[in-house]
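**Q** I'd like to ask some things about the structure below.
Any read-out appearing in this document is the output of simple, stated calculations on the displayed coordinates, not a laboratory observation. What you see is a predicted model, and the numbers here were worked out from it, not measured in a lab. Positions of Cβ are backbone-derived with ideal geometry, glycine not excepted, and every protein chain shown enters the neighbour counts.
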Amino acid sequence: MAPTSATINHSNWTDAQKKAVDTIVDRFTVDGETLKKITDQFVVEMNKGLDQEGATVAMIPSFVSGRCTGDEKGSFLALDLGGTNLRVCQVNLLGGGEHTIRQQKYVVSEELKLGPMRNLCDFIADCVDSFLTENGTSSQDALQLGYTFSFPIYQSSINRGVLKQWTKGFNCSGAVGKDVAVMLQDSFRRKNINVNIAAIVNDTVGTLMAYAYRHPNTTMGVIMGTGFNAAYYENMKDVKKWKGDKDQEMVINMECGAFDIERRVLPMTVYDNKLDRESINVYQQYHEKMVAGMYLGEITRNALLDLIDQQLLFGGRSSKELNKNWSFETAYMSTIEVDETPDLSEAAHILESVLNIPSTTLADRQIVKTICHAVGLRAARIAACHIAGVLRKTGKVGEEAIIAIDGSLYEFYPFFEHNMRQSMNEILGEADSAKVKFDLARDGSGLGAAIIAMMAAKK
Ligand code: BGC
């Protein structure tokens, strides 16, 4: 059973602390009615996105049509850009839902994330080159590559995509409005690397396909990691803006992290507003900023600073480290939330040794734990709304559904799945919610991109 702040004994808190913490917890509390309202609005926004270009929830046709059977075979390269690291993978599809994968991770420096796009593409090409050399992979023919590019791109074909905007702390110049597949292909060409980008794929689309390789009935692919987004199959006859063949189903990359920039339903707090103001993509990705791993620590930090300023936490003293934006990592929240030691010694270690708060009382540590819990709980509850929204929009409420979910938040954040389930029960009712299965689809996007590259090469 997931803990709540009610399980913490508050008797050692002052009245002022209790009152201030209650106020903050209230701000982060999302009741069942609000969840339903968010879900309803989600359906409205999904429809707008399917009807017209340029809607808030972009609902981007991925050009991935047809289901995979698990019998696909062949050897393909895959790239994964947009999470914490760049991954280069060599995937062998063996058929029968089986595969092998060899992969290497490369750190993308802050300088590359914020510098010219050409430098980032050259870096990626160099990583592919060294991966091929180290693994002794060579071929007379161009190697076919699936490029997982986990940012919003408007696709015009399976291997063409123009960047709409950056998210998740990337902000390379000279990329928005440009075809990012062409830019990377140029780098390969300049460096004489014989690789052909056969497909450009969002990580949600890759996750969906990777999971479908073993479980062909997979309904949605969802990422809950550094960023947040989802993909699902849509009948193209229901997509007004689609000018191509209507007689098919296609995976739609929802880009649902952009939901509600109009601020109609998302219950944003002053702490969310502060985060948004100080982010590099101001007034964008509100939903993602309330749900994804990149942001939860910063929201928590903002709430803790508020308590410090009220002289109700750490004796009113912060530290140089805690004053720094983004210094309170979401991983710290996970550790603090599961700390069941009597004196919350794990929390003490993070606060005193990592963040250099000179000393903390048990009440301080309990308060920090309570705030972490409130922020993490809100994220999981709000994250369930888009899944319920897709099921409602596609008329699948009450049917069996498999939701393939990848990402560090879903995998590691304490009770995240439990809290999403609870939220789903409140939105759909327990009987219909029980038909929806959440499955961890770890590292699916590399495999998914390879499968999609294969499908593209076959066509
Ligand atoms: C991007 C999506 C991506 C998601 C998860 C978001 O910031 O806009 O394209 O799928 O992060 O990585």
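**Q** Which residues, taken from the range 131-141, are surrounded by fewer than 20 Cβ atoms within 10 Å (Cβ to Cβ) and either in contact (Cβ under 8 Å) with a residue 12 or more places away in the chain or part of a loop (DSSP other than H, G, I, E, B) (or both)?
**A** Within the range 131-141, Leu132, Glu134, Asn135, Gly136, Thr137, Ser138, Ser139, Gln140, Asp141 qualify.
**Q** Can you name the residue in the range 83-103 that is closer than 21 Å to Ala142 by Cβ and touching a Ser or Thr at 6+ places or on another chain (Cβ under 8 Å) and, of all such residues, is surrounded by the fewest Cβ atoms within 10 Å (Cβ to Cβ)?
**A** Looking at residues that are closer than 21 Å to Ala142 by Cβ and touching a Ser or Thr at 6+ places or on another chain (Cβ under 8 Å), I get Asn92.
**Q** Does Lys243 qualify as being without any contact (Cβ under 8 Å) to a residue 12 or more places away in the chain and more than 12 Å from the ligand (Cβ to nearest atom)? Steps first, answer last, please.
**A** On the way: without any contact (Cβ under 8 Å) to a residue 12 or more places away in the chain: yes; more than 12 Å from the ligand (Cβ to nearest atom): yes.
Taking the combined requirement at face value, the residue satisfies it.
**Q** Sticking with this one: Only residues that are in contact with a Lys or Arg (Cβ under 6 Å, 6 or more places away or on another chain) and hydrophobic (A, V, I, L, M, F, W, C): list them for the range 209-263, please.
**A** Correct list: Met236 only.
**Q** OK, next. Among the residues of the range 195-214, are any in a loop (DSSP other than H, G, I, E, B), surrounded by fewer than 20 Cβ atoms within 10 Å (Cβ to Cβ) and more than 9 Å from the ligand (Cβ to nearest atom)?
**A** The answer is no, given that none of the residues of the range 195-214 is in a loop (DSSP other than H, G, I, E, B), surrounded by fewer than 20 Cβ atoms within 10 Å (Cβ to Cβ) and more than 9 Å from the ligand (Cβ to nearest atom).
**Q** Could you look through the range 245-299, keep only residues that are within 18 Å of Ala231 (Cβ to Cβ) and more than 13 Å from the chain's Cα centre (by Cα), and pick out the one that is surrounded by the most Cβ atoms within 10 Å (Cβ to Cβ)? It would help to see each step written out before you state the result.
**A** Residues of the range 245-299 within 18 Å of Ala231 (Cβ to Cβ): 248-259, 285, 287-288, 291-292.
If we keep only those that are more than 13 Å from the chain's Cα centre (by Cα) too, we end up with 248-252, 259.
Details: Gln248: 13, Glu249: 16, Met250: 19, Val251: 28, Ile252: 27, Phe259: 30.
Looking at residues that are within 18 Å of Ala231 (Cβ to Cβ) and more than 13 Å from the chain's Cα centre (by Cα), I get Phe259.
**Q** Tell me which residues, restricted to the range 142-189, are outside any helix (DSSP H, G or I), surrounded by fewer than 15 Cβ atoms within 10 Å (Cβ to Cβ) and free of Cβ contacts under 8 Å to residues at least 24 places away in the same chain.
**A** Ser156, Gly177
**Q** Any residue that is out of contact with any Ser or Thr (no Cβ under 8 Å at 6 or more places or on another chain) and over 30 Å from Ala142 (Cα atoms) - is there at least one of those in the range 188-205?
**A** No - not one qualifying residue is present in the range 188-205.
**Q** Can you tell me how many residues in the range 407-431 are over 28 Å from Gly83 (Cβ atoms) and out of contact with any helix residue (DSSP H, G or I) (no Cβ under 8 Å at 6 or more places or on another chain)?
**A** Within the range 407-431, residues that are over 28 Å from Gly83 (Cβ atoms) and out of contact with any helix residue (DSSP H, G or I) (no Cβ under 8 Å at 6 or more places or on another chain) number 3.
**Q** Taking Asp80, is it touching a strand residue (DSSP E or B) at 6+ places or on another chain (Cβ under 8 Å) and either among the hydrophobic types (A, V, I, L, M, F, W, C) or buried (at least 17 other Cβ atoms within 10 Å of the Cβ) (or both)?
**A** Details: touching a strand residue (DSSP E or B) at 6+ places or on another chain (Cβ under 8 Å): yes; either among the hydrophobic types (A, V, I, L, M, F, W, C) or buried (at least 17 other Cβ atoms within 10 Å of the Cβ) (or both): yes.
So Asp80 passes the test.
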